[in-house]
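Notes to accompany the following structure.
Read-outs throughout are calculated quantities, based only on the coordinates presented, and are distinct from any laboratory measurement. Source: prediction; values computed, not measured. In this analysis, Cβ positions are derived from the backbone assuming ideal geometry, glycine residues included, and neighbour counts consider all displayed protein chains.
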Amino acid sequence: MESDNAEQRASRNGTTRRRFLKSGALTAGLLFAQPLRKATAVEPAFSERRTLLKNGLVVDGTGKKGAVGHVLLRGNTIEAVSEGPIDVECDTVDCTGKVIAPGFIDVHSHMDWVLAIEGRADLKAPFIAQGCTTFVAGNCGHGVAGFRRNSPHRKHINPGLFGEFDLAWDTMEEYFDHLRRIGLSHNLVNLAGHGTTRLSMRWDDPSPLSADEMKELLRLLEEALDQGAWGVSFGLQYAPGIFATPDELKQVARLVAKKGKVLTVHARAYSSLSPGYKVELFGGTPHNVLALEEMIALARETGVRLQYSHLMFAGTASHRTYRQCLDVIGQARDEGVDVMIDTYPYHCGTSVINVVLPAWFRENLPDNFHDEDALKRLEGELSMMSPLVGFGYDDIQITNANHPDLNQYNGLFVSQIAEKLGVAPFEAAMMLSEKGGRRGAWVLNHNYSNMEIIDALIQYPACLFMSDAVPAKGVKNPAAYGAFALTLQYARDRKLIPLEEAVHKMTGASAERLHIKDRGFLKKGLAADVTVFDWNAVRDHNSVADTDNAPAGIHAVFMNGKQVFKDGKVDQTANAGAVLT
C-alpha cells in the first residue's frame, strides 16, 4: 500500500507522534494512528477536529486541470482548498505524489437494501476500499420503500439477498429513520422504485392498473418523493415493470418531471433481439435501439430528466449497435432532451435469470413451469438467443442459485450445470428459474460488451460511472470491489480521457446530474468526502475466476470528515455516512 506509516513521517519531520482516536466504538485492532500536533489533555470534539491533506495533486471534480496543493478538513466540511501553504497545527496526511479528489459517487447502485442490514460492515467495506463514499440507490424499479401500508405482499418484496432483516417500514421516511438508527457506512441518495411500489399494491398481476390503482401508485410515489427520494426508477425487463402500459409510464414520468427530479430506467431491451418486442426475422430496428428510442420519446414528451441506466449490449450480435445507440442519444441531446447514460468497465453485470423470460411466460408463473405447451414455446424462443443474438447459456453464470439443492453450482455457467445434471441447458435454466425464488437465481450475465465499447463509453461526454453491484451470497460481482479503480486504470493505460475528466465523471458530474448540492467537488463549505489515490498505481485485481479482490492505489478515504480508509484497511465501525435528502 502506498500510504505512509507514522514512523516514515516522523523520520521526515522529527515532530510527529502517534495517538489513537478515543472512540468507545473502536476496538484496538481497528484504531487508526493519527499524527499529533502537540500534547493536549482533552481531545477536541469532532466538529472542531481538523485534518490537513497536504502536497497532493488537487483534482477538484470540476474537470479543470489539477494543481499541487492542500485541502483542509474541519469536522464534516471542507474548510479550505489552496495551492499556497495552509498554516495550521492539526493532523496531517502527506499526499505527495497522490491525487486528492472528491469521494467517488456510485451513480447506479442497489445498496439501499444492504445498508438496511444492521451490522455486516463486511458487505459495505469493499466500496469504501475503492474510494466510493456515496451511493445512488433504488434503481431498476426495485426500491426499498414507498409501499402500500399493511400490504399482504411485504414479505415478497425483500430481494432475499441475505435475509438478515424483515421490512420494518413502509414509507421512505420510515426507512430513513431506520438507517439513522443503525448507522450508515456510506452516504445515500435514494430513489423510489416504481416496480416495488406497484408490487406492494397488487403483486405480479399483469393486467393494466385501474383508474383508482393508478391514483394510488402516483400518490405513493409522490409521498416518497416528498419525503426525500431523489427520483423514481423503472425496471422494464422485470416484473411488474414489464407489464406497465405506456400510459402508466407516462403518468409516472410526468409526476417526476413536475417534482423536478430524475427518472432512471432499466429499459425493456439491452440486446438486438429480446423478449420485450415483437421479433422481426428480416430487418427491422434492433430491439435495444427500440428500447432506447421508447424512453427518449417518453422524456421528450414529459420533459423528465432521464438517466438511462447501465447502457450495455448483451450478445455479440448486439455489440455492433453501440454506435447507433450513441448516435440516437447524441441527436436527442442536440434536440434538447435531457438524457444521460452510465456504465461500468466490466463485460458482465448482475441480474436474475428470469430477465431472459418473455412477458407472456411470466404472466402465468409458477404454473407455466409445469405447462408443456408453454415450455415448448419458450424453449423454441430461447433456442434462438445464441444464433441470433450471440448470447446463450454459456454466458449466464450463476452467482447464487438461492436453493439448498442448487447452491453447490454457484459460480458455474448454466451450460456447465446442465452437463453436471445430465440435462439440456434449457431444463437447467428452468430449474434455476423456478427454484430460485420469484426472480429466479441471481446471475452474472457475460458478453455485455467488448473493449471497443468500453473505450467508447468511458470517452462519451454524457456517460457517468457506476458499479451496479450488490455483494450477495455466492460468487461476487467484481464491480463491488474494483469498478472505480478499473475505470481509472483504463482511462490512464488506454489513454481514453485525462485524469481530471475521469474524476469529474465519477464526482462532480454525477453530483450535478442528481442535483446534489453539498458534495462532488473540493470546495470550501462542501461536505468533506475525499478520496486520495495514486494515479500511476491505481489498478483492479479481479478476473472472471477471482472476483473479490481489493484494488491497488487507493491511499485514503474520508467521509463527512472521518477517515474511513487508511493503510489498506477500512474502519468498519465508523458509520460516517448520512442520508441525503
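Among the helices of the chain, those built from whole DSSP H runs whose Cα atoms reach 20 Å or more along their own axis and whose mean Kyte-Doolittle hydropathy is at least -0.5 are 211-226, 287-302, 479-493.
Compactness of region 231-330, taken as the C-alpha radius of gyration over 2.2 N^0.38 Å, stands at 1.06.
On the basis of the beta-carbon distance and an R0 of 51 Å, Glu89 and Lys155 show a calculated FRET efficiency of 0.35. Dipole magnitude for the chain: about 1820 debye, using +1 per Lys or Arg Cβ and -1 per Asp or Glu Cβ, origin at the Cα centre. Applying 0.36 nm per residue to the separation of Asp373 and Ala359 and subtracting their alpha-carbon distance, the gain on full extension is 3.5 nm.
Fewest neighbouring Cβ atoms within 10 Å first, the residues Ile497, Ile417 line up as Ile497, Ile417. If the segment from Lys278 to Thr573 were pulled out straight at 0.36 nm per residue, it would be longer than the present Cα-Cα gap by 101.0 nm. Using just the C-alpha positions of region 361-444 as equal point scatterers, what log10 of I(q)/I(0) does the Debye formula give at each q in 0.23, 0.27 1/Å? Here the Debye-derived log intensity ratios amount to -1.21, -1.43. Relative contact order of the chain: 20 percent, from C-alpha pairs under 8 Å at least 6 residues apart in sequence.
Which loop-located GluC sites (Glu not before Pro) does region 316-382 contain, where loop means any DSSP state but H, G, I, E or B and the Cβ has at most 13 other Cβ atoms within 10 Å? When the GluC sites (Glu not before Pro) of region 316-382 are filtered for loop state and at most 13 Cβ neighbours within 10 Å, Glu335 remain.
Computed on the chain, the Cα convex hull volume stands at 147 Å³ per residue.
For Ser383 and Arg300, the difference between the fully extended length at 0.36 nm per residue and the C-alpha to C-alpha distance is 26.2 nm.
Relative contact order for region 361-444 using alpha-carbon pairs under 8 Å, separation at least 6, rounded to a whole percent?
Rounded, it is 27 percent for region 361-444.
Over all other residues within a Cβ to Cβ distance under 10 Å of Gly231, the charged ones net out to +3, with Lys and Arg as +1 and Asp and Glu as -1. Scanning residues 5 or more positions from Val68 or on other chains, those with amide H under 5 Å from its amide H are Val58, with H placed 1.01 Å from N in the peptide plane. With q set to 0.23, 0.28 Å⁻¹, the log10 of I(q)/I(0) for region 288-366, from the Debye formula over equal scatterers at the Cα positions, is -1.13, -1.32.
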